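The values are calculated or read from the model by the stated rules, or taken from the named source; none is laboratory data. As the structure is a prediction and not an experimental result, all values here were calculated from the model. Virtual Cβ from ideal backbone geometry, glycine too; neighbours counted across all protein chains shown. Heads up: the accessible areas ignore ligands, DNA and RNA and are worked out on the full protein's heavy atoms, side chains in. Shrake-Rupley method; radii C 1.70, N 1.55, O 1.52, S 1.80 Å.
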Amino acid sequence: MAITLPIDDAANEYLTRSPLALLIGMTLDQQIPLEKAFSSPYVLVRRLGHEPTAHELAEYDPEPLIQIFATPPALHRFPKAMAGRVQEVCRVLAERYDGDPAGLWDGVADGHELLRRVQGLPGFGKQKAQIFVALLGKQYGVQPEGWRAAAGGYGEEGSHRSVADIVDGPSLAKVREYKKQMKAEAKAAKS
């Protein structure tokens, strides 16, 4: 399946063929527009001059990696923290899955095991992990038994709640409207 987010075609192509790129994009998807988060793995490749492996990023000297993330335009609004987070995620991949991001889902018994593995990554709380499980299922073809239930509302067919549901301009607009509605409801609940 091809990833078709509203970003550069080359960035989509990289996300489609590289599980590490997809995971880095999801790692970066917080407090910045999703277009920025999911195009940043391709920008990282361009800055490095090659496609990195999880082992390489896990072992990268932290200061130069921070500089790569911080070079304008920065890969994230918090380049130091997110360079560290990407490195932490890659260290887990190196230690638990021999550096292979697909190890997160290869051989899982069911969606709950997949969710548990994703939640084991630094920075992946329940909601972020459910969104990633939904993204894997809806756009990457990773569909172990029970994946939709494990993804919660993000796994529902026909939903427009997250990056997992974006395939074109209209679906992006629906996801943005959903997020706007959730923020308004959260704000109203605090009042």
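Quick notes on this one:
- The share of accessible area on the chain that comes from carbon and sulfur is 52 percent, using a 1.4 angstrom probe.
- Label-point separation, Gln127 to Lys183 (7 Å along Cα→Cβ), nm: 1.2
- Sparse packing (at most 16 other Cβ atoms within 10 Å of the Cβ) combined with a DSSP loop state is found for the following trypsin sites (Lys or Arg not before Pro) in the stretch 26-81: Arg77.
- Extension gain, Glu13 to Arg96, is 27.2 nm, computed as 0.36 nm per intervening residue step minus the present C-alpha separation.
- Most positive-pole-ward Cα, Pro52, Leu15, Ala186, against dipole of the chain from beta carbon charges: Ala186
- Rounded to 0.05, the FRET efficiency of the Glu59 and Ala81 pair, given R0 = 25 Å and the Cβ-Cβ distance, is 0.85.
- Distance violations [Cα-Cα > 19 Å] among Lys36/Lys80; Lys36/Lys179; Lys36/Lys126: Lys36/Lys126
- Label-point gap, in nm, between Arg46 and Gln31 - each point 7 angstrom along Cα→Cβ: 2.5
- Counting only protein heavy atoms and a 1.4 Å probe, the chain has 49 square angstrom of accessible area per residue.
- Per-q log10 I(q)/I(0), the chain, q = 0.12 Å⁻¹ (Debye; single scatterer per alpha-carbon; no solvent): -0.57
- For the options Ala81, Ala164, Ala150, a Gaussian network treatment of the chain with springs between C-alpha atoms closer than 10 Å singles out Ala81 as fluctuating the most.
- Dipole magnitude of the chain, debye to nearest 20 (Cβ charges: Lys/Arg +1, Asp/Glu -1, about Cα centre): 980
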